[in-house]
Amino acid sequence: MANNVNGNISSLYRGVDNSRDRVAGNKIRGPGKDTAEKKASSVASKFGESAKVEFSPEVEMYGKVVDLLQKKYDNADVFVAGPNDDLSQIGGDLEYSIILSEDEMKLLASDDPKDKEAKDKLMGQIDDAMNKISDLNQKIGENTDDKDEISNFGIRLGKDGKINFFADINGQSYTDTSMDALVKNIVSAKTATE
């Protein structure tokens, strides 16, 4: 399960642009299918019926999921990542990024009644992660200052459904299964270097 939510707060708190290369995953950003269809109909109206735009089933499926998630979380980019992608290199222009596997994208796009329970469970996990990432954002902001360089932070959901918190601050990576323990480790490391 590539389910991952991350963010970058240094630009939010300090006005610093932390742009970095995004090399992994396929960026799937809204406006999604609805806007793509409007653009396609606009092309047809300008060039006649001979100019048709068709979308692959994957693009339509991903567009449906992007629309669903961006309506719910307007501050999050949505990405699809493969099993070998480096999730730390995936990020977007918005405050947070939601990174899903292809299987998770297919599940969220499914209208099959037999997938409803699994789909609801996954949406619940994403809801929980988005709430926790806001809390993590606040706690990291409270425990860092202008001297700290925060390059990335976030939450990863394992295949077993367990949450792992992570942060990359001042060139050091931190990870823990508890948000409070992660913040405590960050504060301890800062105190040791001062």
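Can you give the FRET efficiency to the nearest 0.05 for D148 and E58, using r as the Cβ-Cβ distance and R₀ = 35 Å? If you can, show how the numbers build up before the last one.
Details: r = 40 Å, r/R0 = 1.14.
Using R0 = 35 Å, I get an efficiency of 0.30.
Quick one: net charge of Q125's neighbours, Cβ under 12 Å, K/R +1, D/E -1? Can you show the working numbers first?
Working: positive: K119, K121, K132, R156, K159, K162; negative: E104, D120, D127, D128, D160.
Every neighbour counted, the sum reads +1.
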| In whole percent, what relative contact order does the range 85-194 give with Cα contacts below 8 Å and a gap of six or more residues? | 14 percent
| Sites S188 and D93, calculated FRET efficiency, Cβ-Cβ separation with R0 35 Å, nearest 0.05 | 0.60
| note | Residue span N131 to L68: 0.36 nm per residue of separation minus Cα-Cα distance leaves a gain in nm of 21.0 nm
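Give K64/K139; K119/K139; K72/K184; K72/K190; K147/K184; K72/K139 a once-over and call out the pairs whose C-alpha atoms are over 25 Å from each other. Each step should come with its number before you reach the end.
Details: K64/K139 33 Å; K119/K139 30 Å; K72/K184 31 Å; K72/K190 36 Å; K147/K184 18 Å; K72/K139 23 Å.
Check vs 25 Å cut-off fails for K64/K139; K119/K139; K72/K184; K72/K190.
Since every read-out is calculated from the coordinates, none of them should be taken as a lab result. As the structure is a prediction and not an experimental result, all values here were calculated from the model. Virtual Cβ from ideal backbone geometry, glycine too; neighbours counted across all protein chains shown.
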